[in-house]
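Laboratory data are not the source of any read-out in this text; all were calculated from the coordinates shown. Because the structure is a prediction, the values reported are computed rather than measured. Backbone-built Cβ (ideal geometry, glycine too); neighbour counts: all protein chains shown.
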Amino acid sequence: MTKYDEIFENNRRWIAAKTATDKEFFEKLANEQRPDYLYIGCSDSRVPTNEIMGLDAGEVFVHRNIANLVNNTDLNVMAVINYAVRHLQVKHIVVCGHYNCGGVKAAMQPADLGLLNPWLRNIRDVYRLHKEELNAIQDEHARYNRLVELNVQEQCVNVIKTAAVQQSYLQNQFPTVHGWVYDLRNGELKDLKIDFERVLHEIQEIYDLTGEGLMKK
């Protein structure tokens with residue numbers, strides 16, 4: 001375990017390493033941020049956002065919460081999406097879950113978890129939507145991993161439902177929404193291949209917030 005005081009020494013070494021290769025690194029970083037990516041992920045400490053993407057400071061706008069949920073009543077994530085899309089004009093929004101997610105596992109247990117109940121109910125709702133597929137999976141670990149993937153897919157749909165994303169895509173043809181899962185066992189990212197335009201078209205009859213028909217054929 002890293003001791004508290006060691007963190008500041010680590011910080012000094014990190015600064016030295018950055019300025020050794022680019023003396024103006026922090027000056028450029030302080031001027032503005034123009035990331036192409038919004039990353040919505042789990043708060044799990046084992047998932048280092050920038051590192052798994054191979055990107056540096058200033059290249060990813062990040063929001064994290066338990067089990068990477070995009071809940072329309074959560075003003076935090078809604079504000080992040082709105083700011084990222086309307087002001088930073090990100091080109092890609094990534095919802096990234098991870099296998100062995102404690103939040104997803106907790107939602108699979110028949111237990112009263114107190115304050116976590118209303119939050120984890122969103123994952124239970126995902127289970128309800130896909131109950132037949134999930135219950136057909138005999139291996140508990142495999143069922144757990146599949147729910148991680150399905151949760152990511154449903155949160156991508158929730159992102160697509162937002163006015164900011166719909167209106168920006170109509171006007172600019174971006175952002176595109178992606179679903180990923182990170183594997184803690186080997187460090188690999190799995191792209192779930194969300195068909196963004198198909199999902200957008202399928203949900204627009206009910207969730208179209210542009211008034212212009214995004215994907216009319």
### Set 161/193; 23/91; 105/193; 91/161; 23/190 screened for pairs whose C-alpha atoms are more than 26 Å apart
23/91; 23/190
### Summary
Here the membrane-span-like helices of the chain, with no claim about any membrane, defined by DSSP H, Cα axial extent at least 15 Å and mean Kyte-Doolittle at least -0.5, are 75-86, 140-160, 196-207
### Task
Identify, among 47, 113, 164, the residue whose Cα sits farthest towards the positive end of the charge dipole of the chain, taking +1 on the Cβ of Lys and Arg and -1 on the Cβ of Asp and Glu, with the dipole about the Cα centre.
113
## Note on the structure
If amide H atoms are modeled at 1.01 Å from N in the peptide plane, then the residues at a separation of 5 or more from residue 177, or on another chain, having amide H under 5 Å from its own are 93
### Query
Which of rounded, prolate, oblate describes segment 89-171, given a ≥ b ≥ c as roots of the alpha-carbon gyration tensor eigenvalues and a/c under 1.5 marking rounded, otherwise prolate only if a/b is larger than b/c?
prolate
### Query
Size of the dipole of segment 32-207 about the Cα centre, Lys and Arg at +1 and Asp and Glu at -1 on the beta carbon, nothing else charged, in debye to 20?
260 debye
